[in-house]
Structures are given as structure tokens and as C-alpha cells.
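Participant: What follows is a structure written as C-alpha cells; I'll ask about it next.
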Amino acid sequence: MEKEFDFKNIGKQMPYRTPDGFFDRMQTQVSARIKVENRKKQPRMKLVIAATLAAAAMVLGLVFFPAANPEAGQVSSNPLLVATDIDCSYSDAMDNFIAEMPDDELEEWVELSEYDIFMN
Amino acid sequence: MINEDKIREACASDKERGFKLLMEHFQQPIYWHIRRLVVAHEDAEDILQEVFIRVFRHLDRFREESSLGTWMYRIATNECLRFLNNRKEQAVSAEEVQEELMNKLMASDYVDYDNAMAVKFQQAILSLPEKQRIVFNLRYYDELDYEEISRITDTRAETLKVNYHYAKEKIKEYMTNN
């Protein structure tokens, strides 16, 4: 009869190895990647925040100060039409802005939005 | 040896310094956990880097409901599963993925083939279904308790005990008959 395998004979031995200095290099590589990400992130985040604020200001301006708008007269005569126009231009601009945004930036923006009390 | 509280304190006062301590403390156990699941050193290296980047990005949002270690193992396990599932999405069956892992084990620059018993033991582990493999590795090598493994894998502790028992039996059988 074959002898039953005993886990004690092998313990935690593993045949796996790593290249020399792998763990030291890993730390350096991760730190370098984080530095690059942080450097990229700062101007991008500023741009995203500025663009969001500008878009919000534009919408607020059109809603609360219609007299400043040269087409204000039309607002009272056909508010629905003008409101639709405003929405279209705003959403077109946002669509273009989002379409041009690289995937990683968009991902960050979505992450940021999840924790933004004004968006939730 | 530095404990988790020290790492948390360091992260709170200086994120980058805290993160460096975290890497020093966790990189080896997390690397070996990943390596046992994906086998090839090159894949494990990529996944480990990805895990640390994710951890750094979300460090501020880490909730102290679980330990840092459990959180790290959870992220690492999910990254490994994502990696393995990507292969399955490429119309490769679970059995073929298992076969690929076996092949990687048998053709690597970073495996010590002189230790035949240890190689065979890894083959036995790789012959297990994915879930049993994860449970076995976390319990046997990392010595995590069932409650911790439960938080990592979102599986009930009782189920994990049964999985671990089955895994040990299958490994015994493999080691005896092959």
C-alpha cells in the first residue's frame, strides 16, 4: 500500500523564486509611478474643476439673469424653446468635453463625482 | 516588526511615508499570495504593482472595519481573479486556464526544478478548483483564520472550512497517486 502524503514533509516550501533585488525594485517602481500619476493628476483635476465650475456658472447665469441675455425677450414668449436651446448647447459642450477626455481621466472624474455632495 | 497601527498613523500624518511603510510590510506576503494564484513571476509582478497603485489611490477612503492586511489581500485576490477571468473571457475554458497555469509552472526561469517535491505540491494545488485553491493558499501558507478569509472572499466561514477540508484531501490524493 502506498504511504499517505504528510503535509509536515513539505511544510511551506515553494519552488518559486524571484529575480535578484526584485522587492527593492518594486518599491522604487511603484513610488515612481505614483509620482508620475500625482504630477499628471494635479493640472488635470484643476482643469476638470475649472470646467465644471465654468459650466455651472454659465447655467446659473442663464437661469437667474435672463435680462443679460440678448435673446431674453424670447424667454418670456417661448421659454420652453429657449430652455431647450440652452440645454442642448450645454449638453453638447459637455458631451464634447467628455468625449475628448482620456479614459483614465474620465474614471477619476467619475470617482470624484461619487463623493461630491453636489452631484449626489 | 512594525504593526498596522503604526502604518495607519504614518498614513494619516504623511500619506507617502505611510504608504512606503505599508509596501515594506506587505509586499512580500502579498506578492507570494499573488504568485501562488497566477504562477508566472512576470504576471505576479504586474498584478502586485497594480494592487499597490490601487491601494495608494484609495488609502484615504479605507474604512477601519477590517484590518489593512485583510483589505490588501482582498484587493490582491480580486486583481488575480480579474486577471484569470480575462483569460476566460477570451473564450478559454476554466480547464484551459488551469492547464495554462500548469504549463507556466513547468516552464519558468523563476522556478526551482531541483525541488521536485515542492513543484509537485504546487501542481497538486493548481489541480484544485479556483475557489478551493484560494482558500487553501490563504489558510495553509498565510495562516489566516476563517473569519479573515471570509471577509476577503465574501464567503461564509463554514463553507470555507468545508472547502479547505476538501482541498487538503484532494492534495493528499494527488501527492500519493502521482
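Rule-based calculations on the coordinates, nothing more; no lab input. Everything quoted here is computed from the prediction, not taken from an experiment. With ideal geometry, Cβ positions are generated from the backbone for all residues, glycine too; neighbour counts draw on all protein chains shown.
Participant: Report the label-to-label distance for B:Glu147 and A:Arg33 in nanometres (one decimal), using points 7 Å from each Cα along the Cα→Cβ vector.
Facilitator: Distance between the two pseudo-spin positions: 3.3 nm.
Participant: Next up: Relative to the longest principal axis of chain B, what angle (0 to 90°, nearest 10) does the C-alpha long axis of helix B:41-58 take?
Facilitator: It works out to around 30 degrees.
Participant: What distance in nm lies between label points placed 7 Å from Cα along the C-beta direction at A:Lys3 and B:Asn85?
Facilitator: Going by the 7 Å Cα→Cβ label model, 4.4 nm.
Participant: Output the Kirkwood hydrodynamic radius of region B:112-178, Cα pairs only, in Å rounded to one decimal.
Facilitator: On the way: mean 1/r = 0.0813 Å⁻¹.
Computed over region B:112-178, the radius equals 12.3 Å.
Participant: Here is a follow-up. Please compute the modelled spin-label separation between B:Arg74 and B:Lys131, points set 7 Å along Cα→Cβ, answer in nm with one decimal.
Facilitator: 1.9
Participant: Taking the Cβ-Cβ separation of A:Asp20 and A:Ile49 as r and a Förster radius of 35 Å, what is the calculated FRET efficiency to the nearest 0.05?
Facilitator: Values: r = 45 Å, r/R0 = 1.29.
The formula returns an efficiency of 0.20 here.
Participant: Counting only other chains, what is the mean number of Cβ atoms within 10 angstrom of the Cβ of each residue in peptide B:130-140?
Facilitator: On the way: counts 0, 0, 0, 0, 0, 0, 0, 0, 0, 0, 3.
Taking the mean over all residues of the peptide, I get 0.
Participant: Could I ask something else about it? Averaged over peptide A:4-14, how many Cβ atoms belonging to another chain are found within 10 Å of each residue's Cβ?
Facilitator: Mean number of neighbouring Cβ atoms from other chains: 6.
Participant: May I ask you to derive the FRET efficiency for B:Arg61 and B:Tyr166 from their Cβ-Cβ distance with R0 = 25 Å, giving the value to the nearest 0.05? Walk me through the intermediate numbers first.
Facilitator: Values: r = 36 Å, r/R0 = 1.46.
Computed FRET efficiency for B:Arg61 and B:Tyr166 comes out at 0.10.
Participant: Provide, for q = 0.10 Å⁻¹, the log10 of I(q)/I(0) from a solvent-free Debye sum over equal Cα point scatterers in chain B.
Facilitator: Those come out to -0.42, one per q.
Participant: Provide B:Arg133, B:Arg156 in ascending order of the number of other Cβ atoms located within 10 Å of each residue's Cβ, fewest first. Kindly include the intermediate steps, with their values, before the conclusion.
Facilitator: Values: B:Arg133 19, B:Arg156 11.
If I rank by nearby Cβ atoms, fewest first, I get B:Arg156, B:Arg133.
Participant: What's the average, rounded to a whole number, of partner chain beta-carbon atoms within 10 Å of each residue's beta-carbon in B:10-19?
Facilitator: Mean inter-chain Cβ contacts per residue within 10 Å come to 1.
Participant: So for each of B:36-49, A:8-21, B:163-176 I average, over its residues, the number of other beta carbons within 10 Å; can you give me the resulting order with the highest mean first? Could you put the intermediate results ahead of the total?
Facilitator: Working: B:36-49: 20.6, A:8-21: 13.5, B:163-176: 16.9.
With the highest mean Cβ count within 10 Å placed first, the list reads B:36-49, B:163-176, A:8-21.
Participant: What list of ³J(HN,Hα) couplings, whole Hz, do you get for region B:93-101 from phi and the Karplus terms 6.51, -1.76, 1.60, once you set θ to phi - 60° and write x for glycine and proline?
Facilitator: Once rounded to whole Hz, the list reads 6, 4, 5, 5, 4, 4, 5, 4, 5.
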